[in-house]
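J.: I have a structure I would like to understand better, so I am pasting it below and will then ask my questions one at a time.
Please treat every number below as a calculation from the coordinates, not as lab data. These numbers come from a predicted model, not from an experiment. Virtual Cβ from ideal backbone geometry, glycine too; neighbours counted across all protein chains shown.
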Ligand SMILES: Nc1ncnc2c1ncn2[C@@H]1O[C@H](COP(=O)(O)OP(=O)(O)OP(=O)(O)O)[C@@H](O)[C@H]1O
Ligand SMILES: [Mg+2]
């Protein structure tokens, strides 16, 4: 059974200039044990989706439309009391820039134990600590470092502790928002390997958010590419990474491939961010698109099926244009 099914979700932030349409008409689903990656440039709405799935949108934000079915319940209608039962237990999030979120004056093992105790108040202390040890083992923090304070940890160890905290109650869904961005490349690589290993071992569903398409393709079996609050292309890793079709995905991958290729790949420059307040008709990527035609300004693109699992939000003839022509 599908674990999470998000349908036509739109989220807006009230601001002085007007409503910021940060997430627009987004639909996706995730099966138990699968990994789904969200990739796109800064401000495209990735974190907003994560926060909506955790029921942690800030005061000025609201779900404008859509449904979030998790295990059959619609989270879009959840009240605080219902959220408290699943947040941190069934759905957890590794927050963007979370490394300094550990409490500096509490030992790391106590912080993890606290998470378990909140959700399992009846559990005996010894069982809680057995679970803490198990989780530390899983994220490969040596047992003799359990009683340390956070400042005694390296950046990579802090991030492992944050991951441990997210896994403490064996959640069904983990949302990891840029979990390795603050780390150097070697530690980043280790942590990514760890995340993949743990996800497989625990059979947890994973939503992995990153601005780096190579990282997303490394970790996830399914990929959603976002631009201007919308998903513009989605499909299996092989489809999106090896045969990108939306002009934005091709631009994103072009900049990645041009780094280590002898071929002269023409990388379209993305100059302007889309205006998320004044919602004009047409395609949000039109201002930057190398393949655009007049209709991209006048008409709103719809989903084009490229295979049973691969889709792009564009016009069929535009998708078939070659950017390197
Ligand atoms: N509290 C807020 N009030 C108003 N606008 C906001 C707020 N939080 C986010 N936004 C706007 O919503 C849009 C989406 O932001 P979001 O943080 O979801 O993007 P992101 O894809 O996670 O970006 P990044 O890669 O930089 O983390 C942006 O235009 C951002 O400026
Ligand atoms: Mg973000």
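J.: Per 0.36 nm of contour for each residue apart, how much would the distance between residue 127 and residue 73 grow if the chain were fully extended, relative to their Cα-Cα spacing?
T.: Using 0.36 nm per residue and subtracting the Cα-Cα distance, I get 16.4 nm.
J.: Among 173, 56, 75, determine the one that fluctuates most according to a GNM of the chain built with springs between C-alpha atoms less than 10 Å apart.
T.: Result: 56 has the largest fluctuation of those listed.
J.: Given contacts defined as C-alpha pairs under 8 Å and at least six residues apart, what's the relative contact order of the chain, whole-number percent?
T.: Answer for the chain is 20 percent.
J.: Between residue 196 and residue 143, take the C-beta separation as r, use R0 = 35 Å, and let me know the FRET efficiency to the nearest 0.05.
T.: 0.90
J.: Quick check: convex hull of the Cα atoms in segment 103-156, volume per residue, rounded to a whole Å³?
T.: 82
J.: Over all directions, how big on average is the projection of the convex hull of the alpha-carbon atoms in segment 145-216, in square nanometres?
T.: 5.1
J.: Give, in nm to one decimal, the length gained when the segment between residue 305 and residue 29 is fully stretched (0.36 nm per residue of separation minus the Cα-Cα distance).
T.: Fully extending the segment from residue 305 to residue 29 adds 97.7 nm.
J.: Can you compute the modelled spin-label distance between residue 281 and residue 316, with each label point 7 Å from Cα toward Cβ, in nm?
T.: For residue 281 paired with residue 316, the spin-label model returns 2.2 nm.
J.: Helix-only estimate, please: 222 nm mean residue ellipticity of the chain, summing -39500 (n - 2.57) across DSSP H runs of length 4 or more and dividing by its residues, to the nearest 500.
T.: -9000 deg cm²/dmol
J.: Taking 0.36 nm per residue of separation and subtracting the Cα-Cα distance, what length does fully extending residue 152 through residue 293 add?
T.: Taking residue 152 through residue 293 to full extension adds about 45.0 nm, to one decimal.
J.: Using the Cα atoms of segment 6-112 to build a convex hull, what is its mean projected area in square nanometres?
T.: 8.7
J.: For the chain, just say rounded, prolate or oblate: build the C-alpha gyration tensor, square-root its eigenvalues into a ≥ b ≥ c, call rounded for a/c under 1.5, and beyond that prolate if a/b exceeds b/c, oblate if not.
T.: Because a/c hits 1.5 or more and a/b exceeds b/c, the chain counts as prolate.
J.: Here is a further query. Once the Cα atoms of helix 108-119 and of the chain are each reduced to a long axis, what angle between those two axes, in degrees from 0 to 90 to the nearest 10, is obtained?
T.: That works out to roughly 80 degrees.
J.: Now for a separate question. Take the alpha carbon gyration tensor of segment 68-201, find the square roots of its eigenvalues, order them as a ≥ b ≥ c, and report rounded if a/c is under 1.5; if not, report prolate when a/b exceeds b/c, else oblate.
T.: Since a/c reaches 1.5 but b/c is at least a/b, the shape of segment 68-201 is classed as oblate.
J.: What angle do you read, to the nearest 10 degrees and between 0 and 90, between the alpha-carbon axis of helix 185-202 and the longest principal axis of the chain?
T.: Its long axis makes an angle of about 80 degrees.
J.: Segment 151-191 to segment 24-73: how many Å between their Cα centroids?
T.: Value for the Cα centre distance between the two parts: 21 Å.
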